[in-house]
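The values are calculated or read from the model by the stated rules, or taken from the named source; none is laboratory data. The structure displayed is predicted, hence computed values, not measured ones. Note that each Cβ is placed from the backbone with ideal geometry, even for glycine, and that neighbours are counted across all protein chains shown. Each accessible area value is taken on the protein alone, full model and side chains, heavy atoms only, with ligands, DNA and RNA left out. Shrake-Rupley method; radii C 1.70, N 1.55, O 1.52, S 1.80 Å.
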Amino acid sequence: MLACIASYVLISGISQQYVEAQIMQTGKQSACNCVIFRLDDIHDNWLRSAQIQVMNLFLSKDQSLSVGIVMNATGSDGQILQKITEGQGKGLFELAIHGWNHVDYTKLSEQDQEKTLALANNKMQALFGVKSNIFIPPYGTFNNSTLVAMSNLGIGILSAGSSHTNDNRFVWNPSVSS
C-alpha cells in the first residue's frame, strides 16, 4: 500500500462517456461510482446553437457538466460566455482548459505547452474569475512534457482518452486529495 496520500484519475474519451476514478488513501480505498459528462471544443461562433442547447439541457436537468474551453478562441461571443457563466454560477459547470488553441499538444515543446496552458488559465481567470485544475488535451493526446508542464502550473487533473501516444497509462498525481 502507499505510504502517502495519492490519487489518480483516468477519464475516457468523450465517445465512451464514462469515467473510472479512484481515490486511494493510506490503508483505505473508496470508489467514485460516478459519471462525468464532458463537453469539449467550446469556443466562440462555432455551432453556437448546438453548444448552447447542450448546456441548456444540463442546466434544465440540474446536472453537472465538465466544459472544455478552447481559451484563445473564447471571449467575444456573448451568448456562449453568458451560458458558461450561468452554469458556473449555479455550481453545475466545471470549467476545464481544452488548450489555448486546438492543437496536438504532443507536437509542442514542453516550454510551449507550459506557456499556452498558462495563457489559457490566465484568460480563464479574466473571463470567469477562476483558474482551472483540469486540462483536456485536444485530440486526447499527451506526453511526458504535458505532464511536466501541468505539474509546473499546478494543474492536477488530466482528462484524456486512451491512445498509442498516451500508452494506455493512468495519470498519477499525489497532490490531488479529493
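Can you work out which of the residues in the range 123-143 that are open to solvent by 40 Å² or more (accessible area, probe 1.4 Å) and under 14 Å from Gly99 (Cβ atoms) is modelled with the highest pLDDT? Don't jump to the end; show me each part of the working.
Taking the range 123-143 as the starting set, the residues that turn out to be open to solvent by 40 Å² or more (accessible area, probe 1.4 Å) are 123, 125-127, 129-131, 133, 139.
Now drop any that are not under 14 Å from Gly99 (Cβ atoms), which leaves 123, 139.
Numbers: Lys123: 98, Tyr139: 93.
Here the residue is Lys123.
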Some residue of the range 73-83 being within 23 Å of Gln63 (Cβ to Cβ), touching a Ser or Thr at 6+ places or on another chain (Cβ under 8 Å) and either open to solvent by less than 70 Å² (accessible area, probe 1.4 Å) or at pLDDT 95 or above (or both): yes
Qualifying residue in the range 116-126 (condition: basic (Lys, Arg) and over 16 Å from the mean Cα position of the chain (by Cα)): no
Candidate set: the range 46-72, residues that are over 16 Å from the mean Cα position of the chain (by Cα) and polar (S, T, N, Q); chosen: the one most open to solvent (accessible area, probe 1.4 Å): Gln53
Any hit, the range 154-176, residues being in contact with a strand residue (DSSP E or B) (Cβ under 9 Å, 6 or more places away or on another chain), surrounded by 16 or more Cβ atoms within 10 Å (Cβ to Cβ) and modelled with pLDDT of 95 or more: yes
Selection count where residues are farther than 20 Å from Cys34 by Cβ and open to solvent by less than 30 Å² (accessible area, probe 1.4 Å), scope the range 84-103: 4
Flag if Gly99 is part of a loop (DSSP other than H, G, I, E, B) and over 16 Å from the mean Cα position of the chain (by Cα): no
Inter-residue pairs, beta-carbon under 8 Å, first at negative phi and in the range 46-66, second exposed (fewer than 14 other Cβ atoms within 10 Å of the Cβ), 6+ apart: Arg48/Gln79; Ile52/Gln79; Leu59/Lys90
Enumeration of residues in the range 104-118 that are within 16 Å of Met71 (Cα to Cα) and surrounded by fewer than 16 Cβ atoms within 10 Å (Cβ to Cβ): Asp104, Asp112, Lys115
